[in-house]
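Beneath this line is the structure, given in structure tokens, with notes to follow.
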Amino acid sequence: MRNTTTIPEALAVATLCFGLFILWSLGAVAMGFREGAVSQFNDGELLSMAGLEIILGVAALTILHKRGYDIASLRPHPDWRGCAIGLGLYVGIVVVDLLITAQFSNVDQQPVSQMMVRAHMSLPAILIMSVVNGTYEEVFLLGFLLRGLRGFGLSFTLGASLLVRALYHTYQGPLGTMQILVFGLVLSVYYVSSGKLWPVVFAHIIGDVVPLSLAG
């Protein structure tokens, strides 16, 4: 069993897991972030996204298993200490994001803010989507892509992971995408230094639950 990957395999898995989301996100940019260009935040959309991520995730893991990849090494292994660290990571990211946002106080309202205003979501749907999405993104972006390409150098593998993360969040607008990059960079640095996946997964789950709960 191996836990490294090749560039062709990494590209194939990244395309399978994130290709559709990237197309949707870039489509929203091409349409000028018009209403209806991106999915709305409601229970149906959240549960549909969670279901799609589960299907794509199972497909990717099945393919990797058949190719001799150690998929057990992608398991986050939840624990209370990791939850505490994840909470600390999230708080740190929020502080940095506030500092960044303060520098762009004169920028027009971003698309993601407009989407949040129109949002109507229930707590169960938010929790389901947040757990699935936080696990899905960090398992494949960090556990698979960042760790798997480490033989090509930290700069390359970090850049590849952040590029994929940014591309499927462009629907949030320039400032939103910048905040996502900060979010991804903080989680990536922690993961590289610790090798622990659960804290970054938990930080991501909180990072979805909090804003969606405030909006819903």
GNM, the chain, Cα, under 10 Å: largest mean-square fluctuation among Gly143, Gly134, Gly44? Gly44
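Suppose every K and R has +1 on its Cβ and every D and E has -1 on its Cβ; what is the size of the dipole of the stretch 7-215 about the Cα centre, in Debye to the nearest 20?
460
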Could you identify which residue out of Arg147, Arg165, Arg81 has the top mean-square fluctuation in a GNM of the chain using Cα springs shorter than 10 Å? Arg81
Sum of side-chain charges, Ile128 neighbourhood, beta-carbon under 14 Å (Lys, Arg +1; Asp, Glu -1): -4
Order by neighbour count: Met49, Met129, Met121, Met31, fewest other Cβ atoms within 10 Å first, most last. Met31, Met49, Met121, Met129
Anisotropy class of the stretch 7-215 from Cα gyration tensor, a/c 1.5 cut: rounded
Expected max-MSF residue from His77, His204, His169 in the GNM of the chain (alpha carbon, under 10 Å) is His77
Sequence of Ile54, Ile22 once ranked by neighbouring C-beta atoms within 10 Å, starting from the fewest: Ile54, Ile22
Degrees, to the nearest 10: 7-30 long Cα axis against longest axis of the chain: 10
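Which order results if Leu47, Leu214 are arranged by neighbouring Cβ count within 10 Å, fewest first?
Numbers: Leu47 17, Leu214 9.
Ranked by crowding around the Cβ, least crowded first: Leu214, Leu47.
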Label point distance in nm, Asp79-Asn42, each placed 7 Å from Cα along Cα→Cβ: 4.4
The farthest towards the positive end of the charge dipole of the chain, of the residues Pro78, Ala50, Ile180, given +1 on Cβ of Lys and Arg and -1 on Cβ of Asp and Glu, is Pro78
Whole-Hz couplings from phi, Karplus 6.51/-1.76/1.60, listed for the stretch 84-99; x for Gly and Pro: 5, 5, x, 4, x, 4, 4, 4, x, 5, 4, 4, 4, 4, 5, 5
Tilt of helix 173-194 relative to the longest C-alpha principal axis of the chain, in degrees (0 to 90, nearest 10)? 30
How far, in degrees from 0 to 90, does helix 154-167 lean away from the longest principal axis of the Cα atoms of the chain, to the nearest 10? 40
Relative contact order as a percentage, the chain, C-alpha pairs under 8 Å and 6+ apart, gives 38
Do the sum for the chain: with -39,500 (n - 2.57) for every DSSP H run of n ≥ 4, divided by all residues, what is the mean residue ellipticity at 222 nm, to the nearest 500 deg cm²/dmol? -23500 deg cm²/dmol
Measuring from centroid to centroid over Cα atoms, what is the spacing of the stretch 64-90 and the stretch 173-216 in Å? 14
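Any read-out appearing in this document is the output of simple, stated calculations on the displayed coordinates, not a laboratory observation. Owing to the predicted nature of the structure, the values given are computational and were not obtained by experimental measurement. Positions of Cβ are backbone-derived with ideal geometry, glycine not excepted, and every protein chain shown enters the neighbour counts.
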